[in-house]
Amino acid sequence: MLFPKSFDFFDLFEEQTAQLIRAVECLRDLKEDGDLKKHSRKIKEIEHDADGIAHKILSSLNKTFITPIDREDINLLAHNIDDVIDEIERTVNRMNIYKIDPIPSEIFQIMELIYKASQEVAKGIKELRDPKKRDQVLKYCEIINFIENEADDILRYIISKLFDEEKDPIMIIKLKEIYESLESVTDRCEDVANVLETIVVKNY
Amino acid sequence: MLFPKSFDFFDLFEEQTAQLIRAVECLRDLKEDGDLKKHSRKIKEIEHDADGIAHKILSSLNKTFITPIDREDINLLAHNIDDVIDEIERTVNRMNIYKIDPIPSEIFQIMELIYKASQEVAKGIKELRDPKKRDQVLKYCEIINFIENEADDILRYIISKLFDEEKDPIMIIKLKEIYESLESVTDRCEDVANVLETIVVKNY
Amino acid sequence: MLFPKSFDFFDLFEEQTAQLIRAVECLRDLKEDGDLKKHSRKIKEIEHDADGIAHKILSSLNKTFITPIDREDINLLAHNIDDVIDEIERTVNRMNIYKIDPIPSEIFQIMELIYKASQEVAKGIKELRDPKKRDQVLKYCEIINFIENEADDILRYIISKLFDEEKDPIMIIKLKEIYESLESVTDRCEDVANVLETIVVKNY
């Protein structure tokens, strides 16, 4: 058969955001026990699982002639969701390597925003298959953009505070990188929102 | 009506570069009074205005069936011009947060190159609608590439000098980031030049 | 004539990877004599030559109506190979600016991985024109991904060691940047592998 099977890209994207949700729940657990080693290892596993799903989406795409939404948007969406998870993994790994203990409360504040933005990403993906949910998807995107702006403002304030208060240059190097990495996570969420927006505006 | 109105993308791009010019004129004003707080706030406003225009271009694009130039090039051009302005805003914000006072003369040297490159970007956008101006647009792109190379050379020299002369690691962290951020602005100008070049070569 | 000549994109890509191989051989020579100044200058020349080839590919693309593989993949492949060389040049330039002497053995360990990944990139490009070599190209891509993972693991270990052992913040700033820059080189090799994979899966 030329077309041995068809792929439900929406199902695959939901599998991908399920991994994203696993990752951000891990961030919440981190708040409970502060055990960077344990959660860093766990998020590494999640990132690996997510990689497998992203690869499945891309290889399915290359075997499919007719796609429900534009090929380049499927490609971009899969990459962008994967990038959110990668950046979360990278951040927690760095926190572990740098032995950040205790974890400054500002970090949990940003992680909470990442948790919320990821929930909106997952909701957007869930409704993407339904043209009648167009306005709802756009609403989720708007919330993600709002959260990204909020995270940006908080991070600028935190970095300013870091340079005002911390006198140890090595600690500045460590925390600055982690703050920037957290900012990057929210930027990657915004990238997902931008693709979601493009998809619904183009298609529905 | 199916097509309630048509969009003049060239006009919208000119609106966008008008904001870019406002931003780089703000950099020049900064040289006069060194008031980072004031100019940082002003550039934040400009960046916000520019965001609105970029969003207008992208939503117009999604509502338009026939475009004067390839859709993906319109998309890319809007994003890339926006990225120049974002990076300028980010740089001046960091200078303000880091309380860079006095501002090293090297920074103004690079800002002057950014000013020039942005003028060429604006000229390129202005002539883009006229196929007869093809060679002029290519000339502006060449100048932007030349400026980017010059900025790159100067920044490498400045970073080398920074590590030779500055002994305070925290000051090195601050200035290194700002120099890299300035380099990034010229890289983003070059990205715009690359899209402009692609557009005229493809279309005229 | 409308079509004065046709371009052999595969030949041009091979010219491009020949420059990449020159660059990584330069990294090997660096191991012999540790002469950063000499090899930094040489890699700058190679990067310049490579730039010319990339530009030739992109301008050929803009003059060609029928391409052997998708236009956007040619564009992406040319940019991505160029990015590998740029990042190698940037890394060695920084090592020179920072006067890294002696060069830590960890750096040569990663450079050896970069050498290997680049060889696989060159092999993949060489076989790309032959549909019968599809599975071999995919095999090279797999090896590149494997090498990138290995480099990632090693670099995380090295950065952890750096913060545990080095007490001079300025040396930490320098080496951290160089390690991240080396990681970036392997990331850029992986980007090339991703495009190669897309091309063979789409076309053969």
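What follows draws every value from the coordinates through simple rules; no lab data is involved. All of these numbers come straight from a predicted model, not from anything done at the bench. Here the Cβ is made from the backbone with ideal geometry for all residues, glycine too, and neighbour counts use every protein chain on show.
Observations on the model:
- Criterion: within 27 Å of A:E72 (Cα to Cα) and among the aliphatic types (A, V, I, L, M) - qualifying residue of C:L27, C:L12, C:L20: C:L12
- Selection from the range C:81-105 of residues that are among the β-branched types (V, I, T) and in contact (Cβ under 8 Å) with a residue 40 or more places away in the chain: C:I81, C:V84, C:I85, C:I88, C:T91, C:V92, C:I100, C:I103
- Per this entry, A:N80 is not counted among residues that are assigned to a helix (DSSP H, G or I) and more than 17 Å from the chain's Cα centre (by Cα).
- Of the residues making up the range A:112-124, those that are under 12 Å from A:L182 (Cα atoms) and surrounded by fewer than 23 Cβ atoms within 10 Å (Cβ to Cβ) are A:E112, A:L113, A:Y115.
- For the range B:82-114, filtering for residues that are within 14 Å of chain A (Cβ to nearest Cβ) and within 18 Å of B:L20 (Cα to Cα) leaves 9.
- Within the range B:27-50, considering residues that are within 13 Å of chain A (Cβ to nearest Cβ) and surrounded by fewer than 16 Cβ atoms within 10 Å (Cβ to Cβ), the one farthest from B:A122 (Cα to Cα): B:K37
- Residues that are part of a helix (DSSP H, G or I) and either more than 11 Å from chain C (Cβ to nearest Cβ) or farther than 12 Å from B:I107 by Cβ (or both) within the range B:159-174 comprise B:I159, B:S160, B:K161, B:F163, B:D164, B:E165, B:P169, B:I170, B:M171, B:I172, B:I173, B:K174, listed in sequence order.
- Flag if C:A78 is in contact (Cβ under 8 Å) with a residue 60 or more places away in the chain, on the phi < 0 side of the Ramachandran plot and small (G, A, S): yes
- Residue within the range A:196-204 that is more than 13 Å from every other protein chain (Cβ to nearest Cβ), β-branched (V, I, T) and surrounded by fewer than 19 Cβ atoms within 10 Å (Cβ to Cβ) present: no
- Filter result (within 18 Å of A:A18 (Cα to Cα), buried (at least 18 other Cβ atoms within 10 Å of the Cβ) and out of contact with any Leu (no Cβ under 9 Å at 6 or more places or on another chain)) within the range A:125-163: A:E127
- Selection of first residues in the range B:106-128 that are without any contact (Cβ under 8 Å) to a residue 24 or more places away in the chain and of second residues that are in a helix (DSSP H, G or I), restricted to Cβ pairs under 6 Å at least 6 apart or on distinct chains, gives the following pairs, ordered by first then second residue: B:K123/B:Y140; B:E127/B:K133; B:E127/B:Q136; B:E127/B:V137.
- So B:E180, is it within 13 Å of another protein chain (Cβ to nearest Cβ), assigned to a helix (DSSP H, G or I) and crowded, with 22+ Cβ neighbours inside 10 Å: no
- Test: residue in the range A:61-69 that is outside any helix (DSSP H, G or I), away from every other protein chain (no Cβ under 14 Å) and in contact (Cβ under 8 Å) with a residue 40 or more places away in the chain: yes
- Residues (of a type in the set (S, T, Y) and surrounded by 22 or more Cβ atoms within 10 Å (Cβ to Cβ)) located in the range B:54-101: B:T91
- Scanning the range A:94-152 for residues that are over 13 Å from the mean Cα position of the chain (by Cα) and among the acidic types (D, E) gives A:D101, A:E106, A:E127, A:D130, A:D135, A:E142, A:E150, A:D152.
- Condition broken by A:A117, with the remaining ones in (1) out of contact with any Asp or Glu (no Cβ under 8 Å at 6 or more places or on another chain); (2) more than 12 Å from every other protein chain (Cβ to nearest Cβ); (3) of a type in the set (A, V, I, L, M) satisfied: (1)
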